[in-house]
1. Return the sequence-ordered ³J(HN,Hα) values of region 106-112 in whole Hz as given by the Karplus equation 6.51 cos²θ - 1.76 cosθ + 1.60 applied to θ = phi - 60°, using x for Gly and Pro.
2. If you take every DSSP beta bridge fully contained in the chain, what fraction is antiparallel? Give it as a percent rounded to 5.
3. How much length would be gained if the chain were fully extended between residue 40 and residue 134, taking 0.36 nm per residue of separation minus their Cα-Cα distance, in nm to one decimal?
4. Under 16 Å from a label point 7 Å along Cα→Cβ of residue 70: give me every residue in region 82-122 with its amide N that close.
5. Non-local amide H neighbours of residue 188 (under 5 Å, H modeled in plane, Pro and chain starts lacking H): which ones?
6. What list of ³J(HN,Hα) couplings, whole Hz, do you get for region 277-287 from phi and the Karplus terms 6.51, -1.76, 1.60, once you set θ to phi - 60° and write x for glycine and proline?
7. If each DSSP helix of 4+ residues adds -39,500 (n - 2.57) and the sum is divided by the residues in the chain, what number results at 222 nm, nearest 500 deg cm²/dmol?
8. Looking only at 68, 152, 261, which one moves most when the chain is put into a Gaussian network model with springs between Cα atoms under 10 Å?
Amino acid sequence: MLKIEEAAEILKSLGLPKAQQNERSGLTLMALANVGPKAKWKGAERPLLRTVDIMQFMRERCGKDYKPNSRETIRRQTLHQFEQARIVDRNPDDPTRPTNSGNTVYRLTEDAASVLRAFGTADFDKAVAGFIEKFGSLQQAYLRRREHNKIPLKMADGSTIFLSPGVHNRLQVAVVEEFGPRFAPGANLLYVGDTASKHVVFDAHELAKLNVPVTAHDKLPDIILHWPERDWLFLIEAVTSHGPVSPKRHREIEAMLKDCPAERIYVTCFLDVKAFRKFAADIAWETEVWVAETPDHVIHFNGPKFLGPYKIRR
């Protein structure tokens, strides 16, 4: 196994996120331990190194010549995470040194060095377990933070699902929890998209019964509600940066739903009036607009009736 692969294995074992299990981070770990391509981990040292010293090690000992502008990437995408994971200490020789000082140095913690020295021996797993027990896993800490920041969406059955953080999903939650009960009481939530996990609600059975193509996820609106009492299908776009129900989008969805027997209502939703104004000129006629900051009202774009389906003119 190449030394760089061993370094990546060590970082993975210590609970570093995947983004810090790469070549850059492996080379950084080797430099911090002064372990070259042919050296043994049992000889890991703890020199004080600046970022430029680490890059010099990479170039002279490992033949990896990172460009000078890579220094910030190494600092922000590797050394910061090493510090958070307690693999290194920053400025242990002078904790009062300013963060942006050109003399900022890093050194392996003794706990991390002990793990490195045990690599390849029967004591490695025990050393890793002791390190994780003492300091925790940075990868798990990041995951917990992301879970904590997720946006709860209350379902009709009382359960709660979680959407990834972001303004788009905040708007989607408002659509389901505020628009739905007001303008489609009793409607069933069949689909909710999520940029991080593709979709978090996906009732394939009910969508298939309505002849909604269940393999065309990229073409589906952000949210689909079905109101069985009236057999109305609400096709909703939650717009924060792009994607209103434009004439083009309207035609695309209609073509996709050519075999769907339910009557359709198209709704474009915004968080506030400012966002609505930005896209007002792009919205198709005979569709609806809902703004979360004024949840009791719907703006109707022309047509002889309010909040109802229209027969498609071929």
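1. Listing the rounded values in order: 10, 9, 4, 6, 5, 5, 5 Hz.
2. Beta bridges within the chain, antiparallel portion: roughly 70 percent.
3. Stretched fully, the residue 40-residue 134 segment lengthens by 31.3 nm.
4. The answer is none, because no backbone nitrogen lies closer than 16 Å to the label point.
5. Hits under the 5 Å cutoff: 226, 227.
6. Couplings: 4, 5, 10, 3, 6, 9, 7, 6, 5, 6, 10 Hz.
7. The helix contribution divided over the chain gives -10000 deg cm²/dmol.
8. Residue with maximal mean-square fluctuation among 68, 152, 261: 68.
Taken together, the values in this text are just the output of simple stated rules run on the coordinates, not laboratory data. Not measured: the values here are computed from a predicted model. Ideal geometry is used to build each Cβ from the backbone, glycine not excepted, and the neighbour counts take in all protein chains shown.
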